[in-house]
Structure formats: structure tokens, C-alpha cells
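To keep things clear, I will list the structure first and then write my remarks on it.
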Amino acid sequence: MASFPNLASGTPAKYPASCATEYRTGVITFADGSEQRYKKRAPLVRWTLTYSDISSADVETLSMFFSTCKGAFDKTWDITISGVLYSYCSFDQDDFAVTETRNGRFSVSLAVRQVRKS
């Protein structure tokens, strides 16, 4: 299983990074209007990793990993954020858009999601 690369700073993510936990719940509605709810799967996590003011070397590192994963195609890599390992991750996008913010400094935003629990 491949791992999300670290930037030159030694970490895979920069702040701000937004995180959301998703829950899937099934609902059965009975004839009397009552409901029964159940968990369809374990809760999974989504992130928006925002990289601002990074070097061209960091952009190249992220771009190579994105290309290796073929965008949203590969769902088998992992990422460690704040000391927690999240396995079975995927990009939630197929485009890698880079913006040059100033001479030699760039911004990139990546949507990442966990597709299943370990």
C-alpha cells in the first residue's frame, strides 16, 4: 500500500486542513410511521488539504503522487494526519490544479476521502 508523501517540511498536510466524518444510516419506515435505523457502514473521513505558499519541489512531489494514483482511480493508499493513520484513501477529484501565487510559490487544494475502514 502506497503512502501519501511528506512535503519538505516533513509533514503530509499543512494547515488549514478541513476534516469531516461521514456516517451512513439506513432507515426502514413501517406502516404505522415508526422507524428503525441502523448503521450501514463504519464512519469514514473526508479532508480538504489546502497547500498555500509551497515550493515547486513540493508541487512536483504532490503531482507525481497524484499521477501515480491516476487521480481518483486508486483507492489503496494511506495518509497519516496528526499521528493517525487512515488507510484505503482516494482523491475525490481527477484534476490537479496549481496556482502560482507569487514568483516560485504555489497553491494547491486536494480533496481526499477514505473509502473503507482498515
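Computed values, structure above
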| item | result |
| --- | --- |
| Selection count, segment 74-108, where residues are within 15 Å of F4 (Cα to Cα), of a type outside the set (D, E) and either modelled with pLDDT under 85 or surrounded by fewer than 15 Cβ atoms within 10 Å (Cβ to Cβ) (or both) | 8 |
| Residue match in segment 58-66 (condition: touching a helix residue (DSSP H, G or I) at 6+ places or on another chain (Cβ under 9 Å), in contact (Cβ under 8 Å) with a residue 40 or more places away in the chain and not in a strand (DSSP E or B)) | no |
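Condition check ((1) closer than 21 Å to S109 by Cβ; (2) in contact with a Cys (Cβ under 8 Å, 6 or more places away or on another chain); (3) surrounded by 14 or more Cβ atoms within 10 Å (Cβ to Cβ)) across all residues:
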{"site": "T11", "(1), (2), (3)": "yes, no, no"}
{"site": "R41", "(1), (2), (3)": "no, no, no"}
{"site": "S52", "(1), (2), (3)": "yes, no, yes"}
{"site": "D58", "(1), (2), (3)": "yes, no, yes"}
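The values are calculated or read from the model by the stated rules, or taken from the named source; none is laboratory data. Small disclaimer: the values here were computed from a predicted structure and weren't measured. Counting neighbours? That spans all protein chains shown, and the Cβs are built from the backbone with ideal geometry, glycine included.
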